[in-house]
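Taken together, the values in this text are just the output of simple stated rules run on the coordinates, not laboratory data. All values derive from a computational prediction rather than experimental measurement. Methodologically, a virtual Cβ is constructed for each residue, glycine included, from the backbone with ideal geometry; neighbour enumeration extends over all protein chains shown.
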């Protein structure tokens with residue numbers, strides 16, 4: 001079965017470092033999954049939205065502010081922090 | 001910066017990100033607001049911690065729908081949310097919840113007004129089509145310090161409505177006019193505050209150029225994250241000139257993402273990581289598709305305020321206001337409504353009221369608020385007006401006193417200043433200061449007769465009787481003097497003509 005994806009590209013997007021064996025294994029598994037979706041896509045179904053996944057507005061949240069974790073708790077679960085902020089390697093999106 | 005030669009046409013489309021006016025975040029109950037300590041407005045749902053589930057904030061959905069109704073869009077029966085997957089530290093869950101296939105608002109249009117030839121001349125009006133608007137979550141804020149970057153997730157999860165236009169804009173002036181109009185509509189409907197200083201409105205600006213008469217669109221660039229109207233305007237001017245230069249030099253335009261350096265007034269290529277646009281969208285399994293009832297749409301439809309340009313046309317056509325005053329009043333809804341309350345209290349002179357509101361009141365409010373800017377476009381307008389001591393009916397009372405000839409226009413300015421300070425009625429100030437022009441005919445008749453009898457004015461009287469109309473004015477000075485300026489000039493004129501006839 002021809003693969004409809006590039007396993008190296010997908011691994012890169014997902015920030016995964018895969019061994020040669022893993023690439024073979026996951027390519028095969030992913031192909032099976034995509035096969036199931038193809039079967040679904042091939043089925044002759046009405047083009048309507050699945051009612052089972054539809055909720056009405058009663059399922060919405062009211063605009064009431066609730067509790068927060070606090071900066072101390074937020075930074076505690078991060079690998080590194082400074083002055084109440086999470087510290088990460090420098091990411092540059094400005095002109096430089 | 002040079003304008004493009006006229007055979008080039010610029011085509012602009014905008015993506016406007018607006019933080020909606022809510023108390024809690026869009027999928028979480030965490031509160032949000034500007035100026036809090038970093039990471040103090042974060043809860044487990046915002047971070048996407050294990051075991052948490054997002055639930056959509058009703059107010060955010062309703063504000064989105066209200067926006068749709070304000071711009072005459074359709075509100076589909078269903079909308080749903082998707083995951084946009086990417087790894088970047090501003091994105092705590094590694095995906096952003098957004099709406100890709102079924103947005104909450106589809107279509108619509110925004111009326112814009114271009115600048116006229118001068119301040120008192122209305123410019124051309126156009127309609128800019130909206131492609132759609134979708135409700136998503138904002139991302140965290142990064143700041144860069146030395147070798148590292150710091151992340152504050154307070155902004156992550158703030159409700160963000162992304163409004164996407166059709167490529168209908170044709171100049172920097174149109175882009176600017178569109179944003180001004182959009183901001184007025186959003187703030188007047190209470191959808192958003194649009195405070196650009198607080199980052200509540202940010203734009204991505206798509207620009208391409210093509211030879212005039214050519215239908216096919218040129219290759220476009222996208223300049224991201226513009227946080228002021230002037231940055232959008234400057235980006236369009238810069239990017240148009242750059243693309244013209246490239247094409248005229250025989251080079252081609254690369255489809256790229258760009259940034260804007262507002263300090264240096266220039267754009268630059270964002271070093272986009274490759275694959276950055278491969279977001280692998282898929283429907284979010286945690287948030288069910290939402291069915292929006294027609295009852296909700298109808299209820300929200302009642303909250304749509306009068307369109308600002310409909311209001312402007314009404315002020316000019318029905319109330320007879322000069323364009324200059326009308327255009328100032330309609331920019332802030334609270335101001336327009338304040339003006340209308342005053343007109344209701346004194347319906348015969350809307351222009352007189354408009355002039356006082358648009359000039360004197362706005363000037364004094366701005367001065368007392370310690371800033372020179374007018375209230376237009378500002379979400380702070382209702383606040384400033386609510387602290388205003390003068391009530392609409394009191395201003396109407398002042399205009400009525402002037403219209404009835406009780407005080408002169410010059411005195412009205414003085415009374416206005418006093419009213420602004422004290423909040424007293426105009427009549428009370430007029431009485432307290434003894435400004436009331438004397439309209440007591442009996443007393444005035446006596447003074448007029450005494451002045452006429454004075455030999456000093458005999459020559460003027462003779463001239464007047466000989467047919468020199470203007471000579472009558474020489475008699476008014478002495479009368480004014482004897483009444484200490486309080487006599488009603490209209491009445492003096494009438495009495496003089498009566499006695500000299």
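Observations, loosely collected:
- Counting, for every residue in B:135-147, the Cβ atoms of other protein chains within 10 Å of its Cβ and taking the mean gives 2.
- As a rough footprinting exposure proxy, the listed residues B:169, B:69, B:264, A:10 were ranked by other beta carbons within 10 Å of their own, and the order from fewest upward is B:264, A:10, B:69, B:169.
- The simple Förster model, with R0 at 60 Å and r as the Cβ-Cβ distance, assigns residue B:306 and residue B:52 a FRET efficiency of 0.90.
- Separation between Cα centres of region B:187-232 and region B:81-116, rounded to whole Å: 13 Å
- Neighbour-count order for A:63, B:152, B:317, B:403, fewest beta carbons within 10 angstrom listed first: B:317, B:403, A:63, B:152
- Fewest-first ordering of B:365, B:389 by other beta carbons within 10 Å of each residue's beta carbon gives B:389, B:365.
- The relative contact order of chain B, computed from alpha carbon pairs under 8 Å that lie at least 6 residues apart in sequence, is 14 percent.
- Counting, for every residue in A:69-76, the Cβ atoms of other protein chains within 10 Å of its Cβ and taking the mean gives 6.
- Computed on region B:186-274, with alpha-carbon pairs under 8 angstrom and 6+ residues apart, the relative contact order is 24 percent.
- Peptides B:100-107, B:291-298, B:24-31 ranked from most to least packed by the mean count of surrounding Cβ atoms within 10 Å: B:24-31, B:100-107, B:291-298.
- Applying 1/(1 + (r/R0)^6) with r as the Cβ-Cβ distance of residue A:19 and residue B:127 and R0 = 41 angstrom yields a FRET efficiency of 0.10.
- FRET efficiency, residue B:367 to residue A:8 (Cβ-Cβ, R0 60 Å, nearest 0.05): 0.35
- Where Rh is the Kirkwood radius over Cα pairs, Rg/Rh for chain A: 1.15
- Reduced Cα scattering model of chain B, Debye log10 I(q)/I(0), q = 0.07 Å⁻¹: -0.53
- Along its first, second and third principal axes, ordered by size, the protein assembly as shown spans 123, 59, 56 Å in Cα coordinates.
- The alpha carbon radius of gyration of region A:1-44, expressed as a multiple of 2.2 N^0.38 Å, is 1.29.
- Across peptide B:251-261, the mean count of Cβ atoms from other chains lying within 10 Å of each residue's own Cβ comes to 1.
- Fraction of beta bridges assigned by DSSP in the protein assembly as shown that are antiparallel (%, nearest 5): 90 percent
- Here the spin labels are modelled as points 7 Å beyond Cα on the Cα-Cβ line, and at residue B:281 and residue A:41 they lie 1.6 nm apart.
- Region B:1-80 and region B:323-373 have their alpha-carbon centroids 32 Å apart.
- Taken over the C-alpha atoms, region B:306-432 has Rg and Dmax values of 13.8, 43 angstrom.
- Dividing the mean sequence gap of close Cα pairs (under 8 Å, 6+ apart) by how many residues region B:306-432 holds gives a relative contact order of 23 percent.
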